[in-house]
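Student: Here it is: the structure, laid out below.
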Amino acid sequence: MNFFSSDPFLHALAAARFSGRRCEPALVSVAGQVFRVLSVDGTPVTGAPFVDFLEPAAADPPTGVRPVAWIPVALRGTVTLAEWKGAGAPPECEPCPYLDWRGTPSWEEAAARLPQQTDTRRKGRKLEAEVGPIRYVADDPDPAAFQRCLQWKSRQYRATGVGDGFADRRNVELFERLRDTGLLTISSLYAGERLAAVHFGVLHEGRFASWIPAYDVELQKYSPGRLLQHAMMEDSFRRGDTEFDFLIGDEEYKYLYATHVRIAGPVGTPPLKVRARKAAKGVARAALQSTGLLDHAKQLKRWLRDRRQSG
């Protein structure tokens, strides 16, 4: 299981979104697999904002586990990066790229394979010369860093036309509770006294999950987000993590680092209203495809994602 099924996450989710209701972790089964989710007043919650995807808890359901019709986004399989590039995603599925550290004997060997190393070092030197000395904080206790990550990410969501998840106070409270319980790792990069980039991640059972990256857009020309990511990756390797997990999403930068790709998608049979909504989207998609607009939309989406991550 990934951290979305852990006790700290489920308890934080319960307190942030379902305060005052009867909440407890529960096992549910679908399509011969068992998942650990939050139960609210006896009803399993199989999806929630900022829950990227669920991973099975067991291959075969034990007796007494409650059956459910479907899980909206769950692990469907794992392939190497080469296999992914050759086949791509099955229908209704999304990629979850990750870097497997196992088999890499030293950080020096791992670092040599990182992309854009020359450019990254050049931009680091330029940032230090023009703004201030670079300082990396692996887990930043400063409340200002936490708040700035929320602010920068909200602005990014709005600028790229994605719904601002942090406009909902319950989602902000979720991250506050994850921070207070110690599950959330807040990594930051400073140039002098100025915060240049900040990141919310989670270390769980040897896997470091890269979750919410954000940076100061005024410093974008220095790629502070990439500088911070490389520092976190070194931290992850030297700590002995097995993986650096980029979670769900097909942003191009993830494939520059990934060695494998998890495939996430629906498991089971979705409710009728969900199937109707998907059918309507399929009609719209076919219309866009026939006019060539779909390819343009995909290119624009990837360009926006890559641009916001290039910082």
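The values are calculated or read from the model by the stated rules, or taken from the named source; none is laboratory data. Note that this is a predicted model, so its numbers are computed, not measured. In this analysis, Cβ positions are derived from the backbone assuming ideal geometry, glycine residues included, and neighbour counts consider all displayed protein chains. Each accessible area value is taken on the protein alone, full model and side chains, heavy atoms only, with ligands, DNA and RNA left out. Shrake-Rupley method; radii C 1.70, N 1.55, O 1.52, S 1.80 Å.
Student: Checking E218 against (1) part of a strand (DSSP E or B); (2) more than 21 Å from D52 (Cα to Cα): exactly one of these is not met. Which one?
Tutor: Condition not satisfied by E218: (1).
Student: Looking only at residues in region 139-164 that are exposed (fewer than 15 other Cβ atoms within 10 Å of the Cβ) and of a type in the set (A, V, I, L, M, F, W, C), which one is modelled with the lowest pLDDT?
Tutor: Among those residues, the one meeting the criterion is V162.
Student: Residues in region 41-57 that are under 23 Å from the mean Cα position of the chain (by Cα) and either aliphatic (A, V, I, L, M) or part of a strand (DSSP E or B) (or both): how many? Break it down stepwise before answering.
Tutor: We begin by selecting, within region 41-57, every residue under 23 Å from the mean Cα position of the chain (by Cα); these are 44-57.
Now drop any that are not either aliphatic (A, V, I, L, M) or part of a strand (DSSP E or B) (or both), which leaves 44-45, 48, 51, 54, 57.
Of the residues in that region, 6 qualify.
Student: Output the number of residues of region 48-68 satisfying the condition of being among the small types (G, A, S) and modelled with pLDDT of 95 or more.
Tutor: To start, the set of residues in region 48-68 that are among the small types (G, A, S) comprises 48, 57-59, 64.
Those still in the list that are modelled with pLDDT of 95 or more too: 48.
Residues in region 48-68 being among the small types (G, A, S) and modelled with pLDDT of 95 or more: 1 in total.
Student: Looking only at region 152-171, which residues are touching a residue at least 12 places away in the same chain (Cβ under 8 Å) and basic (K, R)?
Tutor: Hits for region 152-171 are K153, R155, R170.
Student: Considering region 239-262 alone, what residues qualify as being β-branched (V, I, T) and open to solvent by less than 20 Å² (accessible area, probe 1.4 Å)?
Tutor: V261
Student: Taking only region 11-40 into account, find how many residues are open to solvent by 30 Å² or more (accessible area, probe 1.4 Å), in a strand (DSSP E or B) and out of contact with any helix residue (DSSP H, G or I) (no Cβ under 6 Å at 6 or more places or on another chain).
Tutor: Total meeting the criteria: 3.
Student: Taking V283 and the conditions (1) among the β-branched types (V, I, T); (2) open to solvent by 60 Å² or more (accessible area, probe 1.4 Å); (3) modelled with pLDDT of 60 or more, which numbered condition does it fall short on, given that it satisfies the others?
Tutor: Tallying (1) among the β-branched types (V, I, T); (2) open to solvent by 60 Å² or more (accessible area, probe 1.4 Å); (3) modelled with pLDDT of 60 or more, V283 fails exactly one: (3).
Student: Taking L114, is it farther than 25 Å from F237 by Cα and open to solvent by less than 40 Å² (accessible area, probe 1.4 Å)? It would help to see each step written out before you state the result.
Tutor: Numbers: farther than 25 Å from F237 by Cα: no; open to solvent by less than 40 Å² (accessible area, probe 1.4 Å): yes.
Answer is no for this residue.
Student: Just give me the residues in region 239-255 being more than 15 Å from the chain's Cα centre (by Cα) and either among the polar types (S, T, N, Q) or at pLDDT below 95 (or both), in sequence order. Give the derivation first.
Tutor: Let us first name the residues in region 239-255 that are more than 15 Å from the chain's Cα centre (by Cα), namely 239-242.
The answer is T242, and nothing else.
Student: If you check T78 against the conditions, is it surrounded by fewer than 19 Cβ atoms within 10 Å (Cβ to Cβ), touching a residue at least 60 places away in the same chain (Cβ under 8 Å) and among the polar types (S, T, N, Q)?
Tutor: It is true that T78 is surrounded by fewer than 19 Cβ atoms within 10 Å (Cβ to Cβ), touching a residue at least 60 places away in the same chain (Cβ under 8 Å) and among the polar types (S, T, N, Q).
Student: Still on this structure, please answer the following. Given the residues L183, L195, L174, which is the only one that is under 25 Å from G47 (Cβ atoms), open to solvent by less than 60 Å² (accessible area, probe 1.4 Å), touching a residue at least 12 places away in the same chain (Cβ under 8 Å) and touching a strand residue (DSSP E or B) at 6+ places or on another chain (Cβ under 9 Å)?
Tutor: Numbers: L195 fails: under 25 Å from G47 (Cβ atoms); L174 fails: touching a strand residue (DSSP E or B) at 6+ places or on another chain (Cβ under 9 Å).
Among L183, L195, L174, only L183 is under 25 Å from G47 (Cβ atoms), open to solvent by less than 60 Å² (accessible area, probe 1.4 Å), touching a residue at least 12 places away in the same chain (Cβ under 8 Å) and touching a strand residue (DSSP E or B) at 6+ places or on another chain (Cβ under 9 Å).
Student: Sticking with this structure for a sec: Kindly list the number of the only condition in (1) touching a residue at least 40 places away in the same chain (Cβ under 8 Å); (2) touching a strand residue (DSSP E or B) at 6+ places or on another chain (Cβ under 7 Å) that fails for F50.
Tutor: (2)
Student: Could you tell me which of the residues R262, R239 is of a type in the set (K, R) and without any contact (Cβ under 8 Å) to a residue 40 or more places away in the chain?
Tutor: Going through R262, R239 in turn, the sole match is R239.
Student: Next question. Only one residue in S223, S236 is at pLDDT 95 or above, more than 28 Å from E83 (Cβ to Cβ) and open to solvent by less than 60 Å² (accessible area, probe 1.4 Å), so which one is that?
Tutor: So the residue among S223, S236 that is at pLDDT 95 or above, more than 28 Å from E83 (Cβ to Cβ) and open to solvent by less than 60 Å² (accessible area, probe 1.4 Å) is S223.
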